[in-house]
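To keep things clear, I will list the structure first and then write my remarks on it.
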Amino acid sequence: MNIPVHQFAQIVTESPVEVFLRKLFISKPSLDMLVIVSPFIGSLAGTRFELRELCERLSRTNTPVYVLTREPVEVYHREGVDVLLQYDNVEVRYNPAIHAKLYVCWTRDRAEAFALFGSGNLTYPGVKGNIELGMMVFGKGPGRDLISRLYKWGLELRTLAGTKVAKSRKLVRRI
């Protein structure tokens, strides 16, 4: 059940990470940047929105992707991070204290921007199996300010003490 809070926010009780990915894949916003904060990341193999497909799409337009996660220990997490490490437009950083889950689609047209925060990791169970809760915020009315604050907070997390760079984004002029 998805519950509208207002035109700028929605409580998502059914597969919130999948809802975010569906909006990202289907609406095809004019992305400026994608910020992903998730302690655990998988390849999402076997789901409708695989991580490799997302990276391929964003790589074609050289859209910056900033990822903050924990250093992988489990095989599924290593597989997800390995996908991310293959792309020049993706920066990956590790911080062992990360527990937050935040996804921000920052767009040229701020009205198209959207974000999700909640309990869902970027993993197969986070997309398909677990009972998760999230809040989608849209770039309308008060949602613009909320997204801006979430975006800035997500980028600030990259500089926290204890964070180490696994791979910097290759700086290439955007198309």
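The values are calculated or read from the model by the stated rules, or taken from the named source; none is laboratory data. Values in this document were obtained by computation on a predicted structure and should not be read as measured data. For neighbour counting, all protein chains shown are included, and Cβ atoms are generated from backbone atoms with ideal geometry for every residue, glycine included.
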Query raised in the report: Being assigned to a helix (DSSP H, G or I), touching a residue at least 24 places away in the same chain (Cβ under 8 Å) and exposed (fewer than 13 other Cβ atoms within 10 Å of the Cβ), is that true of even one residue in the stretch 21-34?
Result: yes
Report task. Sort through V67, V12, V90 and tell me the only one that's on the phi < 0 side of the Ramachandran plot, without any contact (Cβ under 8 Å) to a residue 60 or more places away in the chain and crowded, with 19+ Cβ neighbours inside 10 Å. Result -> V67
Query raised in the report: Before we move on, is R22 under 20 Å from L157 (Cα atoms) and of a type in the set (K, R)?
Result: no
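For the stretch 109-116, indicate whether the set of residues that are buried (at least 16 other Cβ atoms within 10 Å of the Cβ), part of a helix (DSSP H, G or I) and of a type in the set (D, E, K, R) is non-empty. Even if it seems obvious, please write down each step before you answer.
Here is the first cut: in the stretch 109-116, the residues buried (at least 16 other Cβ atoms within 10 Å of the Cβ) are 112-116.
Imposing the further condition that a residue be part of a helix (DSSP H, G or I) reduces the set to 112.
Filter again for of a type in the set (D, E, K, R), leaving 112.
Yes, the stretch 109-116 has at least one match.
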Query raised in the report: How about the stretch 122-147: which of its residues are surrounded by 14 or more Cβ atoms within 10 Å (Cβ to Cβ) and farther than 19 Å from K101 by Cβ?
Result: G139, K140, R144
Query raised in the report: Can you name the condition, by its number, that G129 falls short on among (1) at pLDDT 90 or above; (2) within 23 Å of V17 (Cβ to Cβ)?
Result: (1)
Query raised in the report: How do the pairs read when you match residues in the stretch 47-61 that are outside any loop (DSSP other than H, G, I, E, B) with residues anywhere that are at pLDDT below 95 and among the small types (G, A, S), using Cβ under 9 Å and keeping only pairs 6 or more apart or on different chains?
Result: L51/A45; R52/A45
Requested in this report: Taking D82 as meeting all but one of (1) more than 24 Å from I11 (Cα to Cα); (2) not aliphatic (A, V, I, L, M); (3) not in a helix (DSSP H, G or I), write down the number of the exception.
Outcome: (3)
Query raised in the report: Of everything in the stretch 31-46 that's of a type in the set (A, V, I, L, M) and closer than 8 Å to Y124 by Cβ, which residue is modelled with the lowest pLDDT?
Result: A45
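Look through the stretch 50-61, keep the residues that are under 19 Å from A113 (Cβ atoms) and not basic (K, R), and return whichever of them is surrounded by the fewest Cβ atoms within 10 Å (Cβ to Cβ). Don't jump to the end; show me each part of the working.
Initially, the stretch 50-61 is screened for residues under 19 Å from A113 (Cβ atoms), giving 54, 57-58, 61.
Pick out the ones that are also not basic (K, R) and you get 54, 58, 61.
Values: L54: 21, L58: 19, T61: 11.
This residue is T61.
Out of everything in the stretch 71-85 that is charged (D, E, K, R) and farther than 17 Å from E50 by Cα, what residue ends up being surrounded by the most Cβ atoms within 10 Å (Cβ to Cβ)? Spell out the reasoning first.
Step one: filter the stretch 71-85 for residues charged (D, E, K, R), giving 71, 74, 78-79, 82.
The next check asks that each one be farther than 17 Å from E50 by Cα; those that pass are 71, 74.
Working: E71: 15, E74: 12.
Applying the filter and picking the extreme gives E71.
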Requested in this report: Quick one: count up the residues across the stretch 141-162 that are of a type in the set (S, T, Y) and either in contact with a Phe, Trp or Tyr (Cβ under 6 Å, 6 or more places away or on another chain) or over 18 Å from E91 (Cβ atoms) (or both).
Outcome: 2
